[in-house]
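Worksheet for the structure shown next.
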Amino acid sequence: MPRSSSGGKNASPIVSAQVLLRPASGRRIGGRDEITSQNIREYAPPAEAAALARKTFEADGFDVGPTVGVSFSIAAPVSTFERVFKTPIERSTLELPLDALPESLRRVIETVTFERPVDFGPTSY
Amino acid sequence: MAKKRARKPRPTRRARAGRPGVPPRIYAQASPCSIGGVSMFEGRQRINARTVGRYLSDADLTKAAVDRLRQAGFDILQVTALTINIAGPARTYERAFKTTIVAEERQTMKEGGRKDKATFLDSPDTKIKGLISTRGTVFEDVLEGVALEEPRYLFAPSMFAPPKSYWHLRVPADVSLACNADRAHRDGITGRGVQVAMVDSGWYRHPFFVHRGYRAAPVVLGPATSDPLKDEVGHGTGESANIFAVAPDVELLPVKALLAGSLGTVLVNTTGAFNAAVALNPDIITCSWGFHIPAGPLSAAEQALAAAVAAAVASGITVIFSAGNGHAGFPAQHPDVIAAGGAFMDQDETLQASDYSSGFSSNIYSNRAVPDVCGLVGMRPKAIYIMLPLEPEDAIDVSNAPGTHPDGDETATDDGWAAFSGTSAAAPQIAGVAALLKQACPGLGPTAVKDILIRTARDVSAGSCNTVPGIHTGLAAAAGPDVATGAGLVDAHKATLLAKVHCLGPSGPPGGTQAALSATDVRTLERLITGADLDAES
């Protein structure tokens with residue numbers, strides 16, 4: 001579910017997603033995996049894969065955040081997401097299709113996903 | 001019949017106020033004649049989005065006005081379809097508009113709502129204050145009037161919280177005292193040299209922080225965020241005061257997460273913002289937010305956040321998350337996290353579980369109960385409990401104000417203060433205690449910090465925590481550790497003592513230096529500090 005920072009009237013709003021990288025160990029990141037400080041190394045992506053993915057997204061016009069754990073953030077106007085992923089970005093969009101990405105990138109990326117809003121914090125202290 | 005000579009208007013009372021106080025350079029807005037035929041300076045005109053078109057000016061007329069103003073010696077600073085911003089000395093105005101510029105002192109409201117006098121400029125020839133008439137001058141056919149600029153004061157909130165009669169805690173004193181941090185401060189443990197990153201809605205440099213000399217680094221923007229000087233919600237600003245209350249000498253590293261939603265008050269892509277905090281390599285990261293996840297599996301985005309937390313803790317960063325307010329808080333239930341629950345301290349110092357805060361057993365992580373320890377949190381319906389500073393007129397300042405306690409905080413909607421808490425307050429309080437521990441024993445890792453907090457907490461044995469949909473309908477606190485409140489309310493003094501002992505023992509000091517205490521001595525001192533039964537453990 002992409003959420004945007006307020007932009008100008010005609011500007012494409014800026015949204016941000018997380019790019020999850022495939023672990024170097026070959027294991028997949030499952031929804032029931034308990035990823036903790038004890039086993040995080042097993043999920044670490046290869047450094048060169050992270051570097052390649054970051055460089056590619058930067059070249060495509062994204063602001064790329066630091067890699068921590070298994071992921072890094074990418075931020076750009078919606079139009080950039082739509083151009084690179086070749087899919088319309090809607091409010092209900094969560095995971096993005098990877099088909100339009102180069103094969104070299106698809107090999108190292110587990111998924112690219114928007115994050116749903118938090119349930120508590122600023123609106124329920 | 002002799003023509004009656006036009007009398008020069010008598011100087012008014014305002015004019016007699018004299019010229020002292022007239023600055024060397026005066027700024028004004030000159031208004032070219034409006035196309036609607038009515039001057040914007042006609043007092044009864046209401047200019048709004050619907051009517052403003054009538055007050056625009058013809059471009060050629062505006063250009064002619066600019067030329068004449070320039071010829072008269074004015075600096076042209078800006079030209080819009082409505083006005084021309086000009087500047088020049090008083091004598092230029094007086095010569096061009098055949099008037100006198102006077103200064104007068106008027107009552108006004110300055111920073112912090114302070115009533116005081118300020119110097120205003122005026123032309124005594126018109127009834128409207130600050131207006132210069134162009135009648136009878138070479139500008140008559142191009143300008144409908146000139147408005148002298150007035151002094152403006154930023155509305156800065158007061159560093160003092162508004163007094164309220166209902167029972168509530170004030171920062172820093174009450175929160176520090178209730179967390180037993182004052183005694184740690186007396187021992188010189190104040191969080192000095194420790195960096196605490198807070199991922200939230202941003203941070204506003206409120207006079208409360210400035211005048212107390214608290215240290216905060218410039219706000220780091222998370223992905224897709226903007227405006228590092230603003231906290232549109234007030235949540236990050238307010239809750240950060242809890243950190244300083246417990247650890248006044250920490251350096252705060254605020255990280256702003258993206259705000260969205262119809263009101264712009266919901267945090268999104270918190271993983272990106274969390275990662276930005278990790279990249280700062282602080283000692284502690286505190287997060288007063290989370291997701292309600294009563295059962296697995298986790299989504300890809302949630303696993304990315306879980307992995308980020310795990311990586312942060314693996315690198316030695318202590319990570320604290322709010323347990324939730326009737327939520328099965330995630331990442332609070334992640335086993336690497338110190339989960340912050342809520343205890344309510346009444347005016348008579350009695351403690352009970354906050355019925356606003358969450359306590360639950362995780363269905364995602366094995367053998368994981370939340371919270372680990374508690375901070376100070378109010379009671380339902382709204383946990384209006386700690387008076388906190390925030391940006392005036394932000395979302396919380398406005399939304400918390402209506403009604404009387406316990407439904408409203410009874411503060412103004414624009415005073416930069418609001419009473420609130422929730423486990424959002426507990427996390428930064430616990431982060432403050434963790435910062436004290438890191439100063440007392442810099443080598444402590446995240447696991448040792450959590451262990452010390454748990455071992456030294458004050459037991460909470462009364463009351464019940466909030467219902468957590470999908471898990472339970474309320475759990476009672478009981479003597480000893482329980483799911484409702486974990487180990488209880490953090491005790492900063494005891495925790496720092498235990499940290500110091502830890503640092504003097506065989507496993508404490510970093511760098512292989514000689515331990516000052518034997519393992520036996522350490523155990524004995526630990527028992528004395530924590531109150532553990534010596535006989536039972538011997």
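Can you list the aspartates and glutamates whose alpha carbon is less than 20 Å from that of residue A:86, not counting same-chain residues fewer than 8 positions off?
Partners within reach: A:58, A:60, A:63, A:95, A:99, A:103, A:110, A:115.
Once you compute Rg and the Kirkwood Rh from C-alpha atoms, what is the Rg to Rh ratio for the protein assembly as shown?
1.10
Binning every alpha carbon pair distance of the range B:69-186 at 5 Å from zero, what are the percents per bin?
Answer for the range B:69-186: a P(r) of 2, 9, 14, 14, 11, 9, 7, 5, 4, 5, 5, 6, 5, 2, 1, 0 percent.
What shape does the range B:48-112 have by the C-alpha gyration tensor, where a ≥ b ≥ c are the square roots of the eigenvalues, rounded means a/c under 1.5, and otherwise prolate means a/b greater than b/c and oblate the rest? Show your work: numbers first, answer last.
Working: a/c = 2.35, a/b = 1.13, b/c = 2.08.
It is oblate, given that a/c is not under 1.5 and a/b is not larger than b/c.
GNM, chain A, Cα, under 10 Å: largest mean-square fluctuation among A:23, A:77, A:97?
A:97
If you average the sequence gap of Cα pairs under 8 Å that are 6 or more apart and divide by the length of chain A, what percent do you get for the contact order?
Relative CO of chain A lands at 34 percent.
Given a Förster distance of 30 angstrom, what is the FRET efficiency for residue A:32 paired with residue A:98, based on the Cβ-Cβ distance and rounded to 0.05?
For residue A:32 and residue A:98, the calculated efficiency is 0.85.
Would you calculate the volume per residue, in Å³, of the smallest convex hull containing every Cα atom of the range B:414-463? Could the numbers behind the result be given before it?
On the way: hull volume 6.2 nm³, N = 50.
Spread over its residues, the Cα hull of the range B:414-463 gives 125 Å³ apiece.
Among rounded, prolate and oblate, which fits the range B:139-181 when a ≥ b ≥ c are the square roots of the eigenvalues of its C-alpha gyration tensor, a/c under 1.5 means rounded, and a/b larger than b/c means prolate? Working shown, then result.
Numbers: a/c = 9.34, a/b = 4.76, b/c = 1.96.
Prolate, since a/c reaches 1.5 and a/b exceeds b/c.
If neighbour count is taken as other Cβ atoms inside 10 Å, put B:391, B:410, B:140 in order from fewest to most.
In increasing order of surrounding Cβ atoms, one gets B:140, B:410, B:391.
The range B:277-292 to the range A:45-59: how many Å between their Cα centroids?
24
Under a Cβ-Cβ limit of 4.7 Å, which cysteines in chain B have nobody to pair with?
B:33, B:179, B:287, B:374, B:465 - these cysteines have no disulfide-compatible partner (Cβ-Cβ under 4.7 Å) in chain B.
Need one value for B:307-319: mean number of C-beta atoms belonging to other chains within 10 Å of its residues' C-beta atoms. Intermediate values should be presented prior to the final figure.
Values: counts 15, 10, 6, 12, 11, 4, 4, 8, 3, 1, 1, 0, 1.
Per residue, the number of nearby Cβ atoms from other chains is 6 on average.
Could you tell me what percent of the DSSP beta bridges with both partners in chain B are antiparallel, to the nearest 5?
The antiparallel fraction comes to roughly 60 percent.
Could you list B:473, A:93, B:134 in order of exposure, starting from the residue whose Cβ has the fewest other Cβ atoms within 10 Å?
Neighbour counts put them in this order, fewest first: B:473, A:93, B:134.
Under 13 Å from the 7 Å Cα→Cβ point of residue B:404, by amide nitrogen: which residues of the range B:145-188?
B:165-166, by backbone N distance to the label point.
Grab the DSSP H runs of the protein assembly as shown that are 4 residues or longer, score each as -39,500 (n - 2.57), total them, divide by all residues and round the 222 nm result to the nearest 500 deg cm²/dmol.
-7000 deg cm²/dmol
What is the ratio of the Cα radius of gyration of the range B:407-497 to 2.2 N^0.38 Å, with N the residue count, to two decimals?
1.34
With +1 assigned to the C-beta of every Lys and Arg and -1 to the C-beta of every Asp and Glu, and no other charges, what is the dipole magnitude of the range A:14-125 about the Cα centre in debye, to the nearest 20? Mind dumping the intermediate values first?
Working: 13 positive and 15 negative charges, 42 e Å.
Result for the range A:14-125 is approximately 200 debye, rounded to the nearest 20.
To the nearest 20 Debye, how big is the dipole of the protein assembly as shown about its Cα centre, given +1 on the beta carbon of each Lys and Arg and -1 on that of each Asp and Glu?
It comes to approximately 3700 debye.
Among B:206, B:493, which comes first, then next, by fewest other beta-carbon atoms within 10 Å?
So the residues, fewest neighbours to most, are B:493, B:206.
Find how much the distance from residue B:118 to residue B:51 grows on full extension, using 0.36 nm per residue of separation minus their present alpha carbon separation; answer in nm with one decimal.
Value of the extension gain: 20.9 nm.
Need one number: nm distance between label points at residue B:183 and residue B:159, each 7 Å from Cα along Cα→Cβ, rounded to one decimal.
It works out to 3.0 nm between the two label points.
Shielding of A:28-34 by partners, i.e. mean partner chain Cβ atoms within 10 Å per residue?
Mean partner shielding for this stretch: 6.
With respect to the cross-link table entries B:256/B:494; B:256/B:382; B:438/B:494; B:98/B:129; B:450/B:494, which display a Cα-Cα separation exceeding 23 Å?
B:256/B:494; B:256/B:382
Can you bin every Cα-Cα distance in chain B into 20 Å intervals starting at zero and give me the percent of pairs per bin, rounded to whole numbers?
Binned Cα distances yield the sequence 20, 40, 21, 15, 3, 0, 0.
Report, in degrees rounded to the nearest 10, the 0 to 90 angle that the Cα long axis of helix A:47-59 makes with the longest principal axis of chain A.
Roughly 10 degrees, rounded to the nearest 10.
Would you please classify the overall shape of chain A from the alpha carbon gyration tensor, given that a ≥ b ≥ c denote the square roots of the eigenvalues, rounded means a/c under 1.5, and beyond that prolate means a/b larger than b/c while oblate covers the rest? Present the calculation step by step, with values, prior to reporting the outcome.
Details: a/c = 2.01, a/b = 1.27, b/c = 1.59.
Oblate, because a/c is 1.5 or more while a/b does not exceed b/c.
To the nearest 20 debye, what charge dipole does the range B:298-384 have about its Cα centre, counting +1 at the Cβ of each Lys and Arg and -1 at the Cβ of each Asp and Glu?
Dipole magnitude for the range B:298-384 comes out near 260 debye.
Would you mind giving the mean number of other chain beta-carbons within 10 Å of the Cβ of each residue in B:283-291, as a whole number? Intermediate values should be presented prior to the final figure.
Values: counts 0, 0, 0, 0, 2, 5, 9, 4, 7.
The mean count of partner-chain Cβ atoms within 10 Å per residue comes to 3.
Taking the Cβ-Cβ separation of residue B:105 and residue B:166 as r and a Förster radius of 45 Å, what is the calculated FRET efficiency to the nearest 0.05?
Using R0 = 45 Å, I get an efficiency of 0.65.
In nanometres, what is the gap between the two model label sites at residue B:315 and residue B:60, each 7 Å from Cα along Cα-to-Cβ?
In this crude label model, residue B:315 to residue B:60 measures out at 6.7 nm.
Considering only DSSP beta bridges with both partners in the protein assembly as shown, what is the antiparallel share in %, to the nearest 5?
70
Remind me, relative contact order of the range B:327-396 in percent, using alpha carbon pairs under 8 angstrom and six or more residues apart?
Averaging sequence separation for qualifying contacts and normalising by length gives 32 percent for the range B:327-396.
Using Cα pairs closer than 8 Å and at least 6 residues apart in sequence, work out the relative contact order for chain B, in percent.
The value is 12 percent.
Which of the peptides B:478-484, B:278-284 is most tightly packed, and how do the rest follow, judged by the mean count of other Cβ atoms within 10 Å per residue?
By packing density, highest mean first, the sequence is B:278-284, B:478-484.
Once both axes come from the Cα atoms, what is the angle between helix B:519-530 and the longest principal axis of chain B, in degrees from 0 to 90, rounded to 10?
60
Throughout, read-outs are computed from the coordinates displayed, never taken from laboratory work. Keep in mind that this is a model prediction, so the values were computed, not measured. Please note: Cβ atoms are built from the backbone with ideal geometry, for glycine as well, and neighbour counts cover all protein chains shown.
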